[in-house]
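**Q** Handing you a structure now.
The values are calculated or read from the model by the stated rules, or taken from the named source; none is laboratory data. Since the model is a prediction, treat every value here as computed from it, not as a measurement. With ideal geometry, Cβ positions are generated from the backbone for all residues, glycine too; neighbour counts draw on all protein chains shown. Ligands, DNA and RNA are stripped out before the accessible areas are found, and what is left, the full protein with its side chains, is counted by its heavy atoms. Shrake-Rupley method; radii C 1.70, N 1.55, O 1.52, S 1.80 Å.
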Amino acid sequence: MKNAYDIIKRPVITEQSMEGVADKKYVFMVDLEADKTEIKAAVEEIFGVKVAKVNTVRMQGKVKRTGAYPAGRRAAYKKAVVTLTPDSKTIEFFEGMV
């Protein structure tokens, strides 16, 4: 079985993801093979909060050029939007960023 820290890789800190913090929506980059129940359990274990729902999306890597010939590709990743219950506490990690 995977560790909770293997499932949740890192938070996604963008302007759009920070707007959701007021509604208790947090965005994380997660493992490609993780499903919604594993993500929910990992967030509840790591941060000690109650999760209402989890939405996931797989993002394909962009094709990038490093010069004329060798075209490369960024890695594909999966991100999860985690919505907390109204009675749950907030995640302190995101408090100073809004």
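**Q** Give me the Kirkwood hydrodynamic radius of segment 1-80, using the inverse of the mean 1/r over all pairs of distinct Cα atoms, in Å to one decimal.
**A** Details: mean 1/r = 0.0712 Å⁻¹.
Evaluated over segment 1-80, this radius sits at 14.0 Å.
**Q** Using 1/(1 + (r/R0)^6) with R0 = 22 angstrom and r between the beta carbons of residue 81 and residue 3, what's the FRET efficiency to the nearest 0.05?
**A** Computed FRET efficiency for residue 81 and residue 3 comes out at 0.50.
**Q** Answer with one residue from 43, 91, 76: the one whose Cα lies farthest towards the positive end of the charge dipole of the chain, charges on Cβ with Lys, Arg +1 and Asp, Glu -1.
**A** So the residue we want is 76.
**Q** Label-point separation (nm) for residue 74 and residue 22, each offset 7 Å from Cα along Cα-to-Cβ?
**A** Taking the two extended label points, one gets 2.7 nm.
**Q** Measuring with a 1.4 Å probe in the full set of protein chains, what accessible area per residue, in whole Å², belongs to the chain?
**A** Dividing the accessible area of the chain by its residue count gives 68 Å².
**Q** What residue among 77, 69, 26 shows peak mean-square fluctuation when the chain is described by a Gaussian network model with Cα springs under 10 Å?
**A** Result: 69 has the largest fluctuation of those listed.
**Q** Do any trypsin sites (Lys or Arg not before Pro) in the chain lie in a DSSP loop with no more than 10 other beta carbon atoms within 10 Å, and if so, which?
**A** Passing sites in the chain are 62.
**Q** Can I ask one more? Given the Cα-Cα distance of residue 10 and residue 95 and 0.36 nm per residue of separation, how much length would full extension add, in nm?
**A** That works out to 29.0 nm of additional length.
**Q** For segment 1-46, report the convex hull volume of the alpha-carbon atoms normalised per residue, in Å³, without decimals. Don't skip to the end; give the middle numbers.
**A** On the way: hull volume 3.6 nm³, N = 46.
Looking at segment 1-46, the number lands at 77 Å³ per residue.
**Q** Additional query: Picking from 18, 59, 29, which is most flexible by a Gaussian network model of the chain using Cα springs under 10 Å?
**A** 59
**Q** Using a simple charge model, +1 on the beta-carbon of Lys and Arg, -1 on the beta-carbon of Asp and Glu, nothing else, what dipole does the chain show about its Cα centre, in debye to the nearest 20?
**A** Working: 18 positive and 13 negative charges, 130 e Å.
Around 620 debye, computed over the chain.
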